[in-house]
Amino acid sequence: MVKSILFNPVACLARGIENLYIQRENNRFYILKRSCGALARTLSVTLFPLALTVELIFKKAPKALLAITFSNDQIKKIKFRKKISGVEKFALGILFSPLGFFHTPDAVSCFFLKTFDLKPAVRPFGVEKIYGKKIEGIHFPSDENELRTLILRAKNDNKQVSIIGSGMSQGEQTVPSKKKHILINMRNFKAIGLGNNNETVKAGAGAIWEEIQLAVNGKGKSVIVKQASDLFSVGGSIGINCHGWAHDYGAIASTVEELEVMDAEGKVHILKPTNPMFGCFFGTMGYFGIVMNATFKLADNDHLIEKTVEVKLDEFTENYENNIKNHQDIPLFGGRLVLDSRKGHPLRKVCMVSYEKDGELKSSLPVKSDFLLEARYGTLFQRVALQAISHLSNLSARIVLSKFWDRERGSMLAGRKLTRNEALHPPINAFLMLHHSNLHAQWLQEYFITKKNLPNFLRYLGLQLESNNVRLINATIRPTPKDDISILPYAEQDRYAVVLSFNQFKSNKEIKRTEKWIKEVNEYVTAGGDVYYQAYMPYASKEQFEKAYGEERVENMRKLKTQFDPENRFGNSHTARYFDNN
Ligand SMILES: Cc1cc2nc3c(=O)[nH]c(=O)nc-3n(C[C@H](O)[C@H](O)[C@H](O)COP(=O)(O)OP(=O)(O)OC[C@H]3O[C@@H](n4cnc5c(N)ncnc54)[C@H](O)[C@@H]3O)c2cc1C
C-alpha cells in the first residue's frame with residue numbers, strides 16, 4: 001500500500017478524490033455529504049495538480065528523455081511516442097485541473113485512476129465493485145497438463161472451477177460463487193494457426209479477436225462471426241455464444257467446426273458439431289467444461305461498400321427481409337437506432353447499414369487491409385469524449401448526443417468504401433479506461449425480439465429510456481437467425497437483437513434507477529415471449545430466466561449437466577443463481 005502511494009501519488013490521489021465524490025453522492029448525512037464534496041474539490045485543485053507536477057518533473061519527463069532515439073528501430077520509436085504522450089497527458093492534467101473546482105471534482109482526476117489489487121480479485125467489467133470478489137487465487141495455466149492438474153486438484157479439494165476470458169461480462173458470469181473456489185484465467189492459451197487453404201483458423205481460448213483478425217488478415221481472410229468489436233476472448237465468446245454483424249449466420253456456434261475441451265475429470269475431448277456434447281458449450285457460461293481451442297470457418301476479406309437507408313420502425317423487418325436477408329453480396333448488416341432525444345423519442349427510426357461487396361474491386365488475390373492494433377486505451381479524443389458524456393448535466397448530454405447523432409447519421413448516409421476487416425474493427429478500447437472507475441461505467445443491455453413484437457418493443461423501450469434519462473451511446477438492431485446448435489439458445493426461432501450501450505453513473509441512486517427500468521423491460525420482454533441476453537446485469541429473476549430461455553430447454557440443460565458434470569465441478573455465481581437446480 002505504502003509502495004503504491006509513493007510510486008503512484010497521482011493515481012492514489014485520483015482514487016481519493018473519487019472515493020470522496022462517491023461519499024458525497026451516497027452518504028445520507030447532509031453535513032458529511034457536503035464536507036466530502038468540498039474536500040474532493042479542494043484536493044482536485046491543490047494536491048492533485050501538485051502531484052501531477054511532481055510526477056511530471058521527476059518521473060514522466062526523465063523517462064521520455066531517456067527514451068529519445070535517433071535510430072530507425074520501430075519498437076524504440078513507439079516506446080518514445082508512448083513516453084511523450086505520457087508527458088502530454090500530465091501537462092494537460094495540470095492545465096485543466098481547475099475543472100475539478102468549477103465542474104465535477106473528478107473531471108480531470110478520472111483520467112489518472114489505476115487499480116492496485118493487493119489481494120487476488122475478480123473484477124467484472126463495469127460492475128467491479130458491485131459483483132467483484134476477493135478470492136483465494138487466480139490461476140494462469142499455460143498448457144493442457146497444467147490445466148488438468150488444476151482441475152484434478154479442484155476435484156480432490158471439492159472446489160468448483162470458474163473460468164475467465166477477457167472478463168468483459170457485465171455481471172457474475174466469471175465470479176466464483178465461493179471465495180475458496182478456483183478461478184482459471186485462460187489468457188495463456190493463445191496459439192493461432194490457419195488450416196488447409198486458409199479456410200479455417202484454430203485459436204486458443206485465450207486469444208482475442210484482434211489477434212486472430214491480425215493473423216487471418218495477412219492471408220486475406222476474416223472471422224465470420226464475432227462481436228462488433230475485438231477485445232473479447234474465444235472462450236468468452238463461445239461461453240456467451242456471441243453474435244455480430246454477420247446477419248445470415250447469427251450466433252457464433254454456426255461457424256465453429258471443432259472444439260477442444262477439458263471435462264471435469266481432466267479428460268480432453270475433440271468435439272465436432274455432431275457430438276452431443278458440442279452444443280453444451282455455447283451460451284452456457286463455462287458450465288460444462290473448459291474450451292481450450294476452437295476451429296472456426298473463415299470468410300474472404302472482401303472490399304465492401306457501406307450503404308444506408310433510414311426507415312420507420314414499422315418498415316424495418318420488411319425492408320430487411322426483402323432487400324438484405326440471404327443476399328449473397330451483403331455479408332454484413334446492422335440497424336442503428338436514433339440516439340437523439342431532443343427532436344423526438346430515442347429509437348424512433350432506424351438507419352439500415354448494409355455492407356455490400358464492391359463489384360468493381362473484386363479480386364482473385366487475397367485482400368489485406370491496413371490493419372492496425374488499437375491503442376490499449378483508445379485515442380485521447382475517444383477517452384475525453386467518453387468522459388465528457390459521463391460528466392455532463394442531463395441537458396448538456398442531450399444536446400451533445402443529438403449533435404453526435406446528426407454527425408453519425410450524416411456520415412452513414414454519405415456511405416464509404418472499406419474492407420470487411422476494417423468494418424469489423426471499430427474502436428472500443430477507450431471503454432477500458434472506465435474499468436478503473438467506481439463511479440462511471442458504460443453498461444449494455446440486449447434483448448432478442450420476434451419480428452411481430454419488434455416495432456412495439458422499440459416504441460416501449462424508447463419511452464423507457466427517455467423517461468429515465470438514459471444516456472445512450474449506441475443502439476443497434478441485429479438479425480439473429482434461429483440457432484439449432486446451442487442447448488440454451490437466445491434465438492430458438494428467428495429473432496432481432498436490440499442492443500443498448502449507455503453511460504452509467506454508479507451512485508446508489510442512479511444504480512437503483514437503472515435496476516428499476518431494466519427490471520421493467522425484463523418483465524415486458526419475458527411476458528411477450530421474448531428473451532434477454534445473459535451477458536449483462538443479473539436483474540432477471542430465476543423464473544424470468546426459465547421463461548425466457550424455455551422451461552424445457554433449461555430442464556434439458558440441467559439433465560445434460562448431471563450427465564457430463566455430475567459433481568458440478570464447473571460453475572460460477574451466474575450459473576449458481578440461474579442454472580443450478582436448487
Ligand atoms: C463493450 C461491450 C460490447 C459487446 N458487444 C457485443 C456484441 O457485439 N455481440 C455480442 O454477442 N456480445 C457483445 N458483448 C457481450 C460479450 O460478448 C460477452 O460479455 C462475452 O462473453 C465477453 O467475452 P469475454 O472474453 O470477456 O468473456 P468473459 O467475461 O471472460 O467470460 C464469459 C463467460 O464465458 C465463460 N468462459 C470464458 N472462457 C471460457 C473457456 N475457455 N471455456 C469455457 N467457458 C469460458 C466464462 O466463465 C463466462 O461465464 C459486449 C460486451 C461489452 C462489454
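Only the coordinates and a few stated rules stand behind these numbers; no lab work does. Just so we're clear, the structure is a prediction, and the values are computed from it rather than from any experiment. A quick note on method: Cβ atoms are made from the backbone with ideal geometry, for glycine too, and the neighbour counts reach across all protein chains shown.
In loop segments of segment 1-101 as defined by DSSP, the chymotrypsin sites (Phe, Trp or Tyr not before Pro) with at most 13 further C-beta atoms inside 10 Å of their C-beta are Phe29, Phe70. Only lysine pairs 8 or more places apart, or on different chains, with alpha-carbon atoms under 30 angstrom apart are counted in segment 2-112, and they number 29. Sorted from longest to shortest, the spans of the Cα atoms of segment 472-575 along the three principal axes equal 44, 31, 22 Å.
Note on segment 303-540: dipole from Cβ charges, positive end direction compared against Leu500, Gln328, Ile477; the farthest Cα belongs to Leu500. Taking a sphere under 10 Å around the Cβ of Ser486 and counting the other residues whose Cβ falls inside, with K and R at +1 and D and E at -1, yields a net charge of -2. Highest average first, the peptides 471-481, 304-314 ordered by how many other beta carbon atoms sit within 10 Å of their residues are 471-481, 304-314.
In order along segment 116-132, the Karplus-derived 3J(HN,Hα) couplings, from 6.51 cos²θ - 1.76 cosθ + 1.60 at θ = phi - 60°, round to 10, 7, 7, 10, x, 8, 9, 10, x, 4, x, 10, 3, 7, 5, 10, x Hz, and Gly and Pro are given as x. Go through Ser229, Leu65, Val122 and say which Cα lies farthest out towards the positive end of the charge dipole of the chain; charges sit on Cβ, +1 for Lys and Arg, -1 for Asp and Glu. Sorting the options by dipole projection puts first Leu65.
Put in order of Cβ neighbour count within 10 Å, fewest first, the listed residues Asp406, Asp263 become Asp406, Asp263. Both the radius of gyration and Dmax for segment 303-540 are 18.5, 58 Å, in that order, over alpha-carbon atoms.
Stretched out straight at 0.36 nm per residue, the stretch from Lys219 to Leu118 would grow longer than its current Cα-Cα span by 32.0 nm.
Over all directions, the projected convex hull of the C-alpha atoms in the chain averages 27.8 nm² in area. A viscosity of 1.002 mPa s and a temperature of 20 °C, combined with the Kirkwood radius over Cα pairs in Stokes-Einstein, give a translational diffusion coefficient for segment 434-488 of 152 µm²/s.
Entry for segment 395-531 at q = 0.15, 0.16 Å⁻¹: log10 I(q)/I(0) = -0.96, -1.08, Debye formula applied to identical alpha-carbon scatterers, no solvent contribution.
In terms of its C-alpha gyration tensor, segment 364-472 comes out oblate, because a/c is 1.5 or above while a/b does not outweigh b/c. Give the cross-link partners of Lys221 among the lysines, using a straight C-alpha distance below 28 Å as the criterion and excluding same-chain residues fewer than 8 apart. Cross-link targets: Lys190, Lys202, Lys272, Lys297, Lys307, Lys325, Lys357, Lys362, Lys368, Lys417, Lys482.
Distance between the C-alpha centres of segment 260-278 and segment 365-444: 38 Å, rounded to the whole angstrom. Which parts of segment 165-201 would a label at Glu567 reach, counting a residue when its backbone N lies under 15 Å from a point 7 Å out along Cα-to-Cβ? It comes to 181-182, nothing else.
Here, segment 130-267 yields an orientationally averaged convex hull projection of 9.1 nm² when only Cα atoms define the hull.
Evaluate the relative contact order of the chain (contact order divided by residue number), counting alpha-carbon pairs under 8 angstrom at least 6 apart; express in whole percent. Result for the chain is 14 percent. Annotation: peptides 41-52, 160-171, ranked by per-residue average of other Cβ atoms within 10 Å with the highest first, follow the order 160-171, 41-52.
In the chain, the calculated helix contribution to ellipticity at 222 nm averages -11500 deg cm²/dmol per residue, counting -39,500 (n - 2.57) for every DSSP H run with n ≥ 4.
Taking the Cα centre of the chain as reference, the dipole from Cβ charges on Lys and Arg (+1) and Asp and Glu (-1) amounts to some 2460 debye. Taking a point 7 Å from the Cα of Ile78 along the Cα-to-Cβ direction, the residues of segment 179-218 with backbone N closer than 17 Å to it are 208-218.
Mean projected area of the convex hull spanned by the Cα atoms of segment 55-187, taken over all viewing directions: 12.1 nm². Let me make sure I get this right: for segment 354-394, a, b and c are the square roots of the gyration tensor eigenvalues over alpha carbons, sorted descending. Under 1.5 in a/c it's rounded, otherwise prolate if a/b > b/c, else oblate. Which is it? In terms of gyration-tensor shape, oblate.
When Lys and Arg each count +1 and Asp and Glu each count -1, what net charge do the other residues less than 12 Å away from Trp245, Cβ to Cβ, add up to? So the environment of Trp245 carries a net charge of +2. From the square roots a ≥ b ≥ c of the eigenvalues of the alpha-carbon gyration tensor of segment 213-311, which class results: rounded (a/c under 1.5), prolate (a/b over b/c), or oblate? In terms of gyration-tensor shape, prolate. Three semi-axes describe the equivalent ellipsoid of segment 2-112; taken as square roots of 5 times the Cα gyration tensor eigenvalues and ordered largest first, they are 34, 12, 11 Å.
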